[in-house]
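The values are calculated or read from the model by the stated rules, or taken from the named source; none is laboratory data. Not measured: the values here are computed from a predicted model. We place every Cβ from the backbone using ideal geometry, glycine too, and count neighbours over all the protein chains shown. The accessibility values were calculated without ligands, DNA or RNA, using every heavy atom of the protein model including side chains. Shrake-Rupley method; radii C 1.70, N 1.55, O 1.52, S 1.80 Å.
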Amino acid sequence: QLALVESGGGLVQSGGSLKLSCTTSGFRLEDYTIGWFRQAPGKEREGVSCTSLGGEDTKYAVSVKGRFTITRDNTRNTVYLQMDKLTTEDTAVYYCARRPFLHCEGFMHPESFSVWGQGTQVTVSS
């Protein structure tokens with residue numbers, strides 16, 4: 001059963017934290033780079049972060065660098081996104097996706113990721 005399933009979203013106050021999980025099945029997680037993306041109402045989907053096959057290569061959008069941390073646990077088939085110091089600008093549906101690349105170069109282009117999860121809503125209140 002090929003799937004990526006996001007969880008951990010919710011409502012949080014500005015300055016708070018959330019930890020998202022991307023649980024995968026039906027494929028070898030260590031064969032794929034995994035990206036986190038987000039899409040706010042009326043806006044284009046944008047890349048947030050990426051982790052390479054073993055987690056050695058990680059990338060972040062400028063808007064989240066220093067606040068978000070991506071990790072992976074291939075044994076548990078799960079990728080995480082720790083989000084700290086959240087602001088209202090972080091409100092969006094967050095998605096995880098895979099691509100068969102060895103690294104995270106060019107991860108900001110969502111078209112390179114071919115399999116996506118259903119998304120989890122993150123809402124940050126003022």
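Among the residues of segment 108-115, not a single one is among the acidic types (Asp, Glu) and over 21 Å from LEU2 (Cα atoms). Looking across segment 47-83, just one residue is open to solvent by 50 Å² or more (accessible area, probe 1.4 Å), in contact with a strand residue (DSSP E or B) (Cβ under 7 Å, 6 or more places away or on another chain) and outside any strand (DSSP E or B), and that is ASN77.
Applying the criterion of being over 11 Å from the mean Cα position of the chain (by Cα) and charged (D, E, K, R) to the residues of segment 46-58, the residue that is modelled with the highest pLDDT is ASP57. Scanning segment 9-31 for residues being over 11 Å from the mean Cα position of the chain (by Cα), touching a residue at least 60 places away in the same chain (Cβ under 8 Å), surrounded by fewer than 17 Cβ atoms within 10 Å (Cβ to Cβ) and in a strand (DSSP E or B) gives a total of 3.
In segment 80-114, which residues are modelled with pLDDT of 95 or more and among the hydrophobic types (A, V, I, L, M, F, W, C)? Hits for segment 80-114 are LEU81, MET83, LEU86, ALA92, VAL93, CYS96, ALA97. Looking at segment 87-100, which of its residues are under 14 Å from the mean Cα position of the chain (by Cα) and open to solvent by 10 Å² or more (accessible area, probe 1.4 Å)? Hits for segment 87-100 are THR91, VAL93, TYR95, ARG98. Looking only at residues of segment 32-46 that are of a type outside the set (S, T, N, Q) and open to solvent by 50 Å² or more (accessible area, probe 1.4 Å), we find that the one that is nearest to ASP73 (Cα to Cα) is GLU46. Kindly check whether there is at least one residue in segment 101-112 that is among the hydroxyl-bearing types (Ser, Thr, Tyr), in contact (Cβ under 8 Å) with a residue 24 or more places away in the chain and either surrounded by fewer than 20 Cβ atoms within 10 Å (Cβ to Cβ) or not in a loop (DSSP other than H, G, I, E, B) (or both). The answer is no; no qualifying residue exists.
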